[in-house]
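The values are calculated or read from the model by the stated rules, or taken from the named source; none is laboratory data. Worth saying up front: this structure is predicted, and the values here are computed from it rather than measured. Positions of Cβ are generated from backbone atoms using ideal geometry, with glycine treated the same way; all protein chains shown enter the neighbour counts. To get the accessible areas, we keep the full protein, side chains included, count just its heavy atoms, and leave off ligands, DNA and RNA. Shrake-Rupley method; radii C 1.70, N 1.55, O 1.52, S 1.80 Å.
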Amino acid sequence: MSNDTNYRPSPAVIKKLYGFRNAKSLGQNFLKDPAVIESIIEGSDIGPDDLVIEIGPGMGVLTSAAAEHAGRVVAVEIDSRLIPLLRDVLAVYENVVILNQDIMKTDLAALIREYRPSPDRGCVRIIGNIPYYITTPILMKLLEDRVEAETITLMMQKEVADRIEAVPGGRTYGALSVAAGYYCEVCHIADVPRQCFSPPPKVDSAVLRFDRRQEAPAEVTEEALFFEVVKAGFGKRRKTLVNALTGMRGLTKEEARGILERAGIEPSRRAETLDIPEFAAVANEAAAYFAERS
Ligand code: SAM
């Protein structure tokens, strides 16, 4: 292994050296295109005092690039077979910590407290070329837990990125678009063709950056109810809103109609036509109605 910190062995070289066999079940499609690696690192805006948390470092190609810019990188990898390999590949970086654990079971708040290089300087940035099979659960965990990260930059299946970036009225607009837009501003960093990975996955990918909003895009009196309304609306997306909301917390059709009318929303509209402030208006009317009813 070279001592040159700019030396980044390709996944093919590392695989050969370690006799590694990809675990399909863990979504192991390793990045091999340096331009894509650069776009993720540049798009993440990493500074010298920042803590970078990387989800699924794999063979360390993104980790080493991040380590050259960050104060510290904590790389969380579930596959124990990759740990010795990562230790070797990343040995030249004194600012890298490798943890062998499942990101879904990781207490990120505790991790940030423990590893942040400076409590009063720098930001927390999360990056990852994450496995397709858990893209949505990981993203929702990061958003709902309000992880204290200024930016989250993730590679994901193009189709999931399209759903996140969708605007009202479109076929792909749904609960995921509303959740992402409620918590963050979403920035499209790159489209990534399947040939940039080894082995190539069956679909193309995209990199999105999620910037935590300082203020919600609409005033919501009860967040849990807001998401319940969104879920009920899109759960039956072919139905009109009045029908989709009937039954939610025991609402009759007339009660649902009343809530929508007081919120200024035509009951015959469908969820896919509502923007975030309109969902908030419905949720706030519902909250007022439930408070009065109880
Ligand atoms: N970052 C590397 C790259 O870009 O080449 C690897 C990307 S590969 C698509 C996804 C990585 O996430 C694999 O190394 C896999 O073992 C790891 N992984 C899968 N599920 C995980 C989980 N629940 N927690 C942490 N790592 C996970």
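Observations, loosely collected:
- Pairs of Cα atoms in the chain fall into 10 Å distance bins, from 0 up to the last occupied one, in shares of 6, 26, 29, 19, 13, 6, 1, 0 percent.
- As a rough guide to protection, the peptides 56-66, 214-224 ranked by mean Cβ packing within 10 Å, highest first, stand as 56-66, 214-224.
- Accessible area (Å², per residue) of segment 223-293, counting only protein heavy atoms and a probe of 1.4 Å: 47
- Leading residue at positive end of dipole, segment 223-293 (Cβ point charges), from 246, 277, 287: 246
- Set of lysines with alpha-carbon distance to residue 24 below 26 Å, sequence-local pairs under 8 removed: 15, 16, 32, 105, 141, 158, 202
- Rounded to whole Hz, the Karplus (6.51, -1.76, 1.60) HN-Hα couplings of segment 117-133, x for glycine and proline: x, 9, x, 10, 9, x, 10, 9, 10, 10, 10, x, 9, 8, x, 4, 5
- log10 of Debye I(q)/I(0), alpha-carbon scatterers only, for segment 223-293 at 0.17, 0.28 Å⁻¹: -0.48, -1.54
- For segment 95-220, the share of DSSP beta bridges that are antiparallel, to the nearest 5, is 75%.
- q = 0.14, 0.16, 0.24 Å⁻¹: log10 I(q)/I(0) that the Debye formula gives for segment 139-251, counting C-alpha atoms only: -0.67, -0.83, -1.35
- Antiparallel DSSP beta bridges within the chain, percent to nearest 5: 45
- Enclosing the Cα atoms of segment 1-117 in their convex hull gives a volume equal to 102 cubic angstrom per residue.
- The H on the amide N of residue 127, modeled in the peptide plane, is under 5 Å from the matching H of 53, 54, 55, 153, each at least 5 residues off or on a different chain.
- Ordering of 18-25, 197-204 by packing is 197-204, 18-25, highest average first (other Cβ atoms within 10 Å, averaged per residue).
- Taking the Cα centre of the chain as origin and assigning +1 to Lys and Arg Cβ atoms and -1 to Asp and Glu Cβ atoms, the resulting dipole is close to 1340 debye.
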